[in-house]
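Working notes, beginning with the structure itself.
The values are calculated or read from the model by the stated rules, or taken from the named source; none is laboratory data. From a predicted model like this one, the values you see are computed outputs, not experimental measurements. Neighbour counts are summed over all protein chains in view; Cβ atoms, including those assigned to glycine, are modelled from backbone coordinates with ideal geometry. Calculation scope for accessible area: heavy atoms of the full protein, side chains included, ligands and nucleic acids excluded. Shrake-Rupley method; radii C 1.70, N 1.55, O 1.52, S 1.80 Å.
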Amino acid sequence: MKVIKSRGPEIFDIELEKDLLAKNRYLAKENKKRFDRSNILAIDIMGSIGSGKTSMIKAILKKLGMSKKIAVIAGDLTTTIDAERIEREGARVIQVNTGRECHLDANLIHQAIKRMNLDGVKVLFIENVGNLICPGEFPLGAHKRLVVTSVTEGPYMIVKHPYIFREADVIVLNKIDLAKAMKVNLSQLEKDAKKINPHAPFIKTNALSGIGISKIINTLGLKT
Ligand code: MG
Ligand code: ZN
């Protein structure tokens, strides 16, 4: 079969892109310093649209029951739906609307934490924009990066997105209750993940019923 491969950006874009990624890395380090100064554990939650990122955060908040110590930055193109869903659990939440941008970047997080009251906050969840491609390229300064995928995305979601799964410290497979209906083989998905990233713990969840949520809490060391 004939395959055409991209050889990367056009020549006139290369310098621009390098510059952008370098600036992002610099600001990500600044953000991390800020978190460390205040003893805040920051977790970047990436994953495609509808994989269950918000539901997972809600389930964790419910289980921990210490929501005043948890803050959330919800990234989304234009809406405040997810922030409102999280706010109902009692956590401090700030919405970052990215407009046309398909990922959060370190500068947006830098701006957001300047405007947030982080007094007493121990854990900061950052819900990235739903997308399995570019969020991986833009570290935000979080201590851990978690990728959520779900069985409703079909059997090839992990093998098709190796870059973001390689970036992950933790991989979550959500909606496992629907595996049969979707004809998805859970252990095959786990094998795919282990092949790309042997070090990241692979956690199977159903965020709506709470299955696997304690495992995420333990793996991230959220129990204080
Ligand atoms: Mg969401
Ligand atoms: Zn993007």
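Hey, could you check segment 75-113 for residues that are away from ligand 2 (no atom under 13 Å from the Cβ), β-branched (Val, Ile, Thr) and closer than 21 Å to Gly141 by Cα and say which is surrounded by the most Cβ atoms within 10 Å (Cβ to Cβ)?
Ile109
Is there any pair with a first residue in segment 179-203 that is on the phi > 0 side of the Ramachandran plot and a second that is polar (S, T, N, Q) and surrounded by fewer than 14 Cβ atoms within 10 Å (Cβ to Cβ) whose Cβ atoms are under 6 Å apart and which are 6 or more apart or on different chains, and what are they?
none
Take the residues of segment 130-166 that are open to solvent by 10 Å² or more (accessible area, probe 1.4 Å) and β-branched (Val, Ile, Thr): which is nearest to ligand 1 (Cβ to nearest atom)?
Looking at the filtered set, the residue picked out is Thr152.
For segment 65-93, enumerate the residues that are away from ligand 1 (no atom under 16 Å from the Cβ), at pLDDT below 90 and either assigned to a loop (DSSP other than H, G, I, E, B) or basic (Lys, Arg) (or both).
Gly65, Met66, Lys68, Gly90
Only one residue in Asn24, Asn31 is away from ligand 2 (no atom under 16 Å from the Cβ), in contact with a helix residue (DSSP H, G or I) (Cβ under 7 Å, 6 or more places away or on another chain) and in a helix (DSSP H, G or I). Which one?
Being away from ligand 2 (no atom under 16 Å from the Cβ), in contact with a helix residue (DSSP H, G or I) (Cβ under 7 Å, 6 or more places away or on another chain) and in a helix (DSSP H, G or I) holds for just one of Asn24, Asn31, which is Asn31.
Please go through segment 138-179 and give me each residue that is within 23 Å of Lys32 (Cα to Cα) and either over 12 Å from the mean Cα position of the chain (by Cα) or of a type in the set (A, V, I, L, M) (or both), ordered by number.
Matches in segment 138-179: Leu140, Gly141, Ala142, Leu146, Val147, Val148, Tyr163, Ile164, Arg166, Ala168, Val170, Ile171.
Look at Lys175 and say whether it is within 16 Å of ligand 1 (Cβ to nearest atom), open to solvent by 20 Å² or more (accessible area, probe 1.4 Å) and in contact (Cβ under 8 Å) with a residue 60 or more places away in the chain.
Against the criterion (within 16 Å of ligand 1 (Cβ to nearest atom), open to solvent by 20 Å² or more (accessible area, probe 1.4 Å) and in contact (Cβ under 8 Å) with a residue 60 or more places away in the chain), Lys175 qualifies.
Among the residues of segment 94-136, write down those that are in a loop (DSSP other than H, G, I, E, B) and over 14 Å from the mean Cα position of the chain (by Cα).
Thr98, Gly99, Arg100, Glu101, Arg115, Met116, Asn117, Leu118, Asp119, Gly120, Val121, Lys122 - these are the residues of segment 94-136 that are in a loop (DSSP other than H, G, I, E, B) and over 14 Å from the mean Cα position of the chain (by Cα).
Within segment 46-61, work out how many residues are outside any helix (DSSP H, G or I) and closer than 18 Å to Arg88 by Cβ.
1
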